[in-house]
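Taking it in order: structure first as structure tokens, then the write-up.
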Amino acid sequence: MLRRLFGDDVAENDAHLSEYFIETPAYRMALSGEKRFIIGRKGAGKSAICQQLQKQLPQSGALCIPVAPQRIQFAALKLGLRDLAHWGQESDTILQRVWYYGLLCETAFALTKLFKKQHDSDLARIAAFVEKHYNYVEPNAFARLLNTTSLFLQQMEVGIGPLSVRRAGRQIDPLAVETELDKLRLPIASFIARNLTQGVYILIDNLDDGWDNSAEANAFIRGLLLAIYEICQPNIPVRLIVFFRADMYDAVTRAFQHVDKYRQFQEHIFWGRKEIVDLVAQRLRVNLKIKRPLSALEVWGNIFDEHIGSEKVPDYIIDRSLLRPREVLQFCRLAAEKADQRSHLKITAEDVADAENEFSRWKIDDLSNEFLFAYPGLKDKILQRFFGCSTRITPAKLNDLLEEALTDPRGGEKHEWIENLRNVEALIQILYDIGFLKSRGQGKVWQSARHPDFNIALAEEFSVHPAFRRYLRIGHRK
């Protein structure tokens, strides 16, 4: 069936990921250890990079430690930190200690598991510490970190709610344990240097799974940022790479006074049209078992009609994405399902056009859900107002349309982010930044997926991105 040729929309769930993984600049920078924060929009390929690193790094002589919370674990954490307001400005510092302690303990734990049969004095000291302070039966790293958080904060008499795992006869002095752990930095560094040529990599992913932009969740992530700066020092060969959703990273660091220290370690994921065409073609090569040396467009031509209207099919589909692989794969698979339903041997222009109706509805919902916590009510309060509007919108008409959204006296829930907007221009900037609006100016078309820093004051006209036009009943002219 045609729909099976594109694999899984969620790349990290695809069994053939390694066969058609595209090495992007973000992947290469993460592999080199030069960047600590891989930042991208939802569906940009962060988790695929993380999974590929887990396969590649051990082959180069590194120990890889994945840490990925599940939604229920993050929910428990947030409830457990409900007394955060009582901590005042010390909250970030306290959570920094939790992350610092937990991640170094996790490093020690992983070393003892990997080298448990090796006789070494440094390893013996590490193993003794783990046995005394980190001997948990939990199956994954984040679960162990939650236990560590609980025990650490209990002794500081901080309310921890459902994180409580009190154990009779097991009391810890956080300062004493940290002092003991600090003494282990040298033997940990020495042992790693002698046994792991590429050191240790801790890969932290899925932090957005359960994140809700609350004070508790953001403080916990800021604590992680502070701990990374402390851990990643020259005297210990441990590197941390954290995969952040872009809106989450922006929200967490917006009021973070140390953010300037981290800019050199940020790597943003951007995809160009050619890379996306190549990615889809590579999936088709693998799943069709194509051995002949065909170009990417020739591979597409094996499955798709060449044109839809006057446009080449790859251009048509990619134009209706925010330049993120998952979206393009979703569109291709949906078009393939339409072709399968009609018993077509190839995906026709009719199948692509039919798929666009459903795909456009998905994208308006996906955009709203992606920014559910940053911009609640986005779809109903703002995006729906573009229903039936012109393909091209002058700045004056756009200002009038959005002014109504800001001043509409009709009932409905009030949203703080809308109330706090300084002016209509601030709302236009948001709609451009999230990819809903494109603009035209200085003789070219601008969109945030390619030009995130474009000054919208220079725009001569605006248009709704083609991904959303079919749902909003807007003409198809670009």
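The values are calculated or read from the model by the stated rules, or taken from the named source; none is laboratory data. Values in this document were obtained by computation on a predicted structure and should not be read as measured data. Counting neighbours? That spans all protein chains shown, and the Cβs are built from the backbone with ideal geometry, glycine included.
Here are some notes:
- Candidates Arg385, Arg392 - the one that is under 18 Å from Arg320 (Cβ atoms) and touching a residue at least 12 places away in the same chain (Cβ under 8 Å): Arg392
- Boolean, Ala296 is at pLDDT 90 or above, farther than 22 Å from Leu203 by Cβ and among the small types (Gly, Ala, Ser): yes
- Filter result for the condition that a residue is within 18 Å of the chain's Cα centre (by Cα) and free of Cβ contacts under 8 Å to residues at least 24 places away in the same chain, over Arg245, Arg222, Arg263: Arg263
- Filtering the range 282-332 to residues that are of a type in the set (Lys, Arg) and either closer than 16 Å to Ala355 by Cβ or not in a helix (DSSP H, G or I) (or both) leaves Lys289, Lys291, Arg292, Lys312, Arg320, Arg324, Arg326.
- Among residues of the range 286-299, those that are closer than 10 Å to Phe6 by Cα and of a type outside the set (A, V, I, L, M, F, W, C), counted: 1
- Within the range 340-368, residues that are closer than 17 Å to Phe436 by Cα sit with their Cβ atoms under 8 Å from residues that are buried (at least 17 other Cβ atoms within 10 Å of the Cβ) and of a type in the set (S, T, N, Q), at 6+ positions apart or across chains, in these pairs: Phe359/Gln330; Trp362/Gln330.
- Residues (hydroxyl-bearing (Ser, Thr, Tyr) and closer than 24 Å to Gly272 by Cβ) located in the range 29-63: Ser32, Ser47
For (1) of a type in the set (Ser, Thr, Tyr); (2) closer than 20 Å to Ile474 by Cβ, each residue gets a yes or a no:
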position: Ser343; (1), (2): yes, no
position: Ala374; (1), (2): no, no
position: Lys379; (1), (2): no, yes
position: Phe387; (1), (2): no, yes
position: Glu416; (1), (2): no, no
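- The listed residues are Trp446, Trp417, and the only one of them that is surrounded by fewer than 18 Cβ atoms within 10 Å (Cβ to Cβ) and among the aromatic types (Phe, Trp, Tyr) turns out to be Trp417.
- Within the range 193-222, the set of residues being part of a strand (DSSP E or B) and surrounded by fewer than 18 Cβ atoms within 10 Å (Cβ to Cβ) is empty.
- Index of the failed condition, Ile188 passing every other in (1) of a type in the set (Val, Ile, Thr); (2) modelled with pLDDT of 80 or more; (3) not in a helix (DSSP H, G or I): (3)
- From the list Ile72, Ile94, the lone residue that is assigned by TED's automatic domain parsing to the domain that holds Phe256, in a helix (DSSP H, G or I), at pLDDT below 85 and over 25 Å from the mean Cα position of the chain (by Cα) is Ile94.
- Residue-level check: of (1) at pLDDT 90 or above; (2) not in a strand (DSSP E or B), Glu267 misses just (2).
- As a summary of the residue check, Asp380 satisfies the conditions (1) out of contact with any helix residue (DSSP H, G or I) (no Cβ under 6 Å at 6 or more places or on another chain); (2) farther than 21 Å from Gly45 by Cα; (3) in a loop (DSSP other than H, G, I, E, B) except for the one numbered (3).
- Selection status of Lys46, crowded, with 18+ Cβ neighbours inside 10 Å, closer than 20 Å to Asp208 by Cα and in contact with an Asp or Glu (Cβ under 6 Å, 6 or more places away or on another chain): no
- Subset of the range 223-261 (residues that are assigned to a strand (DSSP E or B) and farther than 16 Å from Ile39 by Cβ): Val238, Arg239
- Taken as a whole, the range 416-435 holds at least one residue that is within 26 Å of the chain's Cα centre (by Cα) and either farther than 29 Å from Trp211 by Cα or of a type in the set (S, T, N, Q) (or both).
- When the range 283-305 is limited to residues that are of a type in the set (Val, Ile, Thr) and under 18 Å from Ser18 (Cα atoms), the one that is farthest from the chain's Cα centre (by Cα) turns out to be Ile290.
- Subset tally (residues that are more than 22 Å from the chain's Cα centre (by Cα) and modelled with pLDDT of 95 or more) for the range 361-381: 1
- For the range 306-340, the set of residues classified as of a type in the set (Ser, Thr, Tyr) and either under 29 Å from the mean Cα position of the chain (by Cα) or outside the structural domain of Val280 (by TED's automatic domain parsing) (or both) consists of Tyr316, Ser321, listed by residue number.
- Residue in the range 356-372 that is in a helix (DSSP H, G or I), on the phi < 0 side of the Ramachandran plot, in contact with a Phe, Trp or Tyr (Cβ under 9 Å, 6 or more places away or on another chain) and among the hydroxyl-bearing types (Ser, Thr, Tyr) present: yes
- Helices (runs of 4 or more DSSP H) wholly inside the range 1-65 that include at least 3 residues being out of contact with any His (no Cβ under 7 Å at 6 or more places or on another chain), in contact (Cβ under 8 Å) with a residue 40 or more places away in the chain and not charged (D, E, K, R): 25-32, 46-59
- On the stretch given as the range 239-270, residues that are more than 17 Å from Phe220 (Cβ to Cβ) and touching a Ser or Thr at 6+ places or on another chain (Cβ under 6 Å) total 0.
- Residue check, Val280 within 22 Å of the chain's Cα centre (by Cα), crowded, with 22+ Cβ neighbours inside 10 Å and not assigned by TED's automatic domain parsing to the domain that holds Thr107: yes
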